[in-house]
Amino acid sequence: MSSIRVRHTHPQDIPSLIALQKQIYPTIPPWSEARLLEQLEAFPQGQFVAESEEGLLGCSSSITVVWDDWMDSHSWKEITSAGTFEHHNPAGRTLYGVEVFVDPESQGQGVGHRLYEARRNLCRQMNLKRVIACGRLPGYHRHAKDMSAELYAQKVIWGDLTDPVLSFQIREGFSYCGVMDNYIPEDNESCGYASLIVWLNPDYQADKPLNTPKDIL
Ligand SMILES: CC(C)(COP(=O)(O)OP(=O)(O)OC[C@H]1O[C@@H](n2cnc3c(N)ncnc32)[C@H](O)[C@@H]1OP(=O)(O)O)[C@@H](O)C(=O)NCCC(=O)NCCS
């Protein structure tokens, strides 16, 4: 693969993003063009794509939230306001990872790592406290008959099982905090479950202001 570049998402990327999303999540309805435009308007600094000379390789999408408002159980639909990003709160000190995906043919080549790095850099640049996400557990359906989702996630953390998403996130420096149910009910591979994960920004300074996004673009 030619060199990977990560940049902010532009409206022109939307048709390719929808095509990629349909390919990656055949059982989950993709976001519409109008929704993706709303997301770009709500928080353009939080939307990234990865590309090479061959074209778009993947994307990462985030909002900021006041975590205390969401720390109890919530679904993906609730926190993303069904994709409108209405709950993006510019005063929030937590970067919440809404989505990340990579073209299946480009996985395992460091694209996901670059997209996660962009998120961590944004967190540092904005002086946010942390990145929180609820990650899919796509390997769980293979073990659902034998164990709970909690035990499955623990076994991944202990290194006894490998999950395509959670194992990657742990290697990316995230800590596992537990399992959420009914996070994406249509996600058959994860049986609707997700793992709650956090990365703490080591450079966070509580006494310093939040950098407004216009300062960092
Ligand atoms: C999860 C996901 C985003 C990871 O993206 P990716 O581009 O495959 O991630 P990377 O290539 O950076 O890392 C993946 C693995 O490849 C390895 N890798 C990274 N660079 C590599 C390279 N140059 N050569 C070989 N292997 C490499 C990494 O060590 C990593 O291994 P690990 O998973 O055992 O930690 C991707 O698999 C995906 O899109 N999945 C489907 C959508 C999804 O479920 N998204 C998550 C929503 S919560």
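General observations
- Filter result for the condition that a residue is surrounded by 13 or more Cβ atoms within 10 Å (Cβ to Cβ), within 13 Å of the ligand (Cβ to nearest atom) and more than 18 Å from Gly97 (Cβ to Cβ), over Tyr152, Tyr116, Tyr140, Tyr183: Tyr140
- Subset of segment 80-107 [crowded, with 19+ Cβ neighbours inside 10 Å and free of Cβ contacts under 8 Å to residues at least 24 places away in the same chain]: Thr80
- Filtering Thr212, Thr162 for residues that are over 18 Å from the mean Cα position of the chain (by Cα) and closer than 16 Å to Gly139 by Cα leaves a single hit, Thr162.
- Looking across Arg136, Arg119, one residue alone is closer than 26 Å to Asn188 by Cβ and among the charged types (D, E, K, R). It is Arg136.
- Single condition Gly110 does not satisfy, out of (1) of a type outside the set (Asp, Glu); (2) more than 8 Å from the ligand (Cβ to nearest atom); (3) modelled with pLDDT of 95 or more: (2)
- Looking only at segment 71-101, and only at residues there that are within 16 Å of the ligand (Cβ to nearest atom) and either hydrophobic (A, V, I, L, M, F, W, C) or over 16 Å from the mean Cα position of the chain (by Cα) (or both), the one that is nearest to Met180 (Cα to Cα): Trp76
- The number of residues in segment 131-145 being under 23 Å from Asn211 (Cβ atoms) and touching a Cys at 6+ places or on another chain (Cβ under 7 Å) comes to 1.
- Close Cβ contacts (under 6 Å, 6 or more residues apart or on different chains) running from residues in segment 162-184 that are without any contact (Cβ under 8 Å) to a residue 24 or more places away in the chain and within 18 Å of Trp76 (Cα to Cα) to residues that are more than 8 Å from the ligand (Cβ to nearest atom) and in a loop (DSSP other than H, G, I, E, B) are absent.
- Filter result (surrounded by 12 or more Cβ atoms within 10 Å (Cβ to Cβ) and polar (S, T, N, Q)) within segment 1-16: Thr9, Ser16
- For segment 49-58, the criterion of being of a type outside the set (A, V, I, L, M) and closer than 17 Å to Gly83 by Cβ is satisfied by no residue at all.
- For the residues Ala91, Ala19, Ala82, the requirement of being of a type in the set (Gly, Ala, Ser), farther than 24 Å from Ser167 by Cα and in a loop (DSSP other than H, G, I, E, B) singles out Ala91.
- Sub-9 Å Cβ pairs linking a first residue in segment 198-209 that is among the charged types (D, E, K, R) to a second residue that is at pLDDT 95 or above, at least 6 apart or interchain, are Asp203/Cys123; Asp203/Arg124; Asp203/Asn127; Lys208/Asn127, ordered by first then second residue.
The values are calculated or read from the model by the stated rules, or taken from the named source; none is laboratory data. Note that the structure is a prediction, hence the values are computed from the model and not measured. Note that we place each Cβ from the backbone using ideal geometry, even for glycine, and neighbour counts take in every protein chain shown.
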